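Every number in this text was worked out from the coordinates using simple rules, so none of it is lab data. Bear in mind the structure is a predicted one, so any value in this text is a computation, not a measurement. Glycine also receives a Cβ, built like all others from the backbone with ideal geometry; neighbour counts cover every protein chain displayed.
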């Protein structure tokens, strides 16, 4: 059904609909405080930062991607800011198993552990370190700039299926974060679904490049990186739209979301929740800012507004 | 996200400040507050955070690959600059600055941004007292120095001068140096009863510099040194300060 078919409280100046304030929300097997989740690789390097983002209004948080061995990442520059977006090539820096200690004060919080590996066995090994701490695992099969990891796995449906199955066997919900840098993202999404994924996350960064003219070399130390921010929102939206038509597990929309309208659009495309990353560049209070514009206000009857579940996929007319 | 924050600048002058510290002056002036920093790209090597020691300069001590390469750069060579980033110091009329070694770099511009300043400066020996002559020639500045070997000023730690300097009489108090020195300064100011209005400029490993990646976040509050800092009041610091930091991989390292 189309949302405009409902009698919705709307802002007098716009045709925006407002969502019911969330209660007992569970998406992809994870109890969330609202529909806005901190994306992997952003402010997720230490437990105190994850706790801060939860205090600042995130409905859940995804950690920095953790792998089988500690990595320092690529030489800098790792980050380049431009009109409408951000280019990065961090290179999967992570403390590996030592990250377990970062989570000791986050017991019971909506924390999703992002993990990566070079094969199904490595994924399962890394996941096994966090079984006491994780609400769910998010498999990074989509980082576009780390040789042997990420998108090199995530562009192969058989490997995605095998890695998903290996982690799902541990008994926790598995989210699989997809790369847009493939011809058919639905083939990868279906492979994850058939491997036992509880949700798909779409999308990771878009493979991209900028070059410094005076220095005649790429602006990132690694050369090629991943583009995020508003520039990729239409790509992310298209991927979510396609996945919603092809797959039956929930989709978490991710990529350039920076406003309540972006969330509404993602939900209409088929996202049950969203992840927000680069928008913290504008303000670390982005989660509370969007919450205040997405949901019916506190003064209103909590039953006013629309149930988010009825919006999801509403644009598939 | 509309700001374009990246420049390629040319080094116009290289000044050997002390045996271990070099100042690079480039052909672009930044509108920066004292205590703000830039991300400096040394092509082919790395990118590292450096305090602006002047609107158009950084002062570098060769410690790692990047700072070693920077220290040996010559006039005419190009580097990339992103920024300025961070909050900078909150200043007032009378300012007390406490700096150790290359930690004087972010404190340097304070001298020209207040009515009157007392600088407590520390170094290994007389030759390593950064900006000593320059600060002495500024009529708004008074200096007390300390050297580890007693070749100039007080023989001992610069933090031992704090209690002798009536810190409560200053409108703003700014500290930068090695973290153990800053921890000692914290304790000295605490003993004087003024620690909660002392500002500390913190150094942490950084990748983005813009508040996104999280590699510089500090316990216990999760503040980003690059964006919420690098200058923090004492009450914003906690159990990490002076005890540990995180390396490029995010592993905790003592000291």
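Please tell me the relative contact order of chain B in percent, rounded to the nearest whole number, where contacts are Cα pairs under 8 Å and at least six residues apart.
It comes to 16 percent, rounded to a whole number.
Calculate the all-directions average of the projected area of the range B:94-254's alpha-carbon convex hull, and give it in nm².
9.4
Starting from one equal scatterer on each C-alpha and no solvent at all, send me the Debye-based log10 I(q)/I(0) for the range B:6-85 at q = 0.13, 0.18, 0.23 Å⁻¹, two decimals.
Each listed q corresponds, in turn, to -0.32, -0.63, -1.10.
Could you work out, residue by residue across A:278-286, how many beta carbons of other chains sit within 10 Å of that residue's beta carbon, and then give the average as an integer?
3
Along its principal axes, what span do the Cα atoms of the range A:15-92 show, with the longest given first and each in whole Å?
Principal-axis extents of the range A:15-92 (Cα, largest first): 45, 34, 22 Å.
Averaged over its residues, how many other protein chain Cβ atoms are within 10 Å of peptide A:45-55's Cβ atoms?
6
Using the alpha-carbon centroid of each, what span in Å lies between the range B:230-251 and the range A:262-317?
34
Under the rule of -39500 (n - 2.57) per DSSP H run of 4 or more residues, summed and divided by the residues of chain A, what mean residue ellipticity at 222 nm is obtained, to the nearest 500 deg cm²/dmol?
-7000 deg cm²/dmol
Using the Cα atoms of chain A to build a convex hull, what is its mean projected area in square nanometres?
Mean projected area of the Cα convex hull: 16.0 nm².
Using only the Cα atoms, work out Rg/Rh for the range B:50-123, with Rh taken as the Kirkwood radius, to two decimals.
Expressed as Rg/Rh, it is 1.01.
Could you give the alpha-carbon Rg of the range A:178-255 over 2.2 N^0.38 Å, rounded to two decimals?
The reported ratio for this selection is 1.31.
What is the range B:1-135's relative contact order, in percent, from Cα pairs under 8 angstrom and six or more apart in sequence?
Over the range B:1-135, the number comes to 27 percent.
Restricting to Cα pairs below 8 Å that are 6+ residues apart, what does the relative contact order work out to for the range A:3-311? Please round to a whole percent.
For the range A:3-311, the relative contact order is 20 percent.
Please work out, to two decimal places, the log10 of the ratio I(q)/I(0) at q = 0.05 Å⁻¹ from a Debye calculation in which every Cα of the protein assembly as shown carries one identical scatterer.
Summing over Cα pairs of the protein assembly as shown leads to -0.23.
Looking only at other chains, what is the average number of their beta-carbon atoms within 10 angstrom of each beta-carbon in A:209-217?
Per residue, the average neighbour count from other chains is 3.
So what's the gap between the Cα centers of the range B:24-40 and the range A:182-246, to the nearest angstrom?
35
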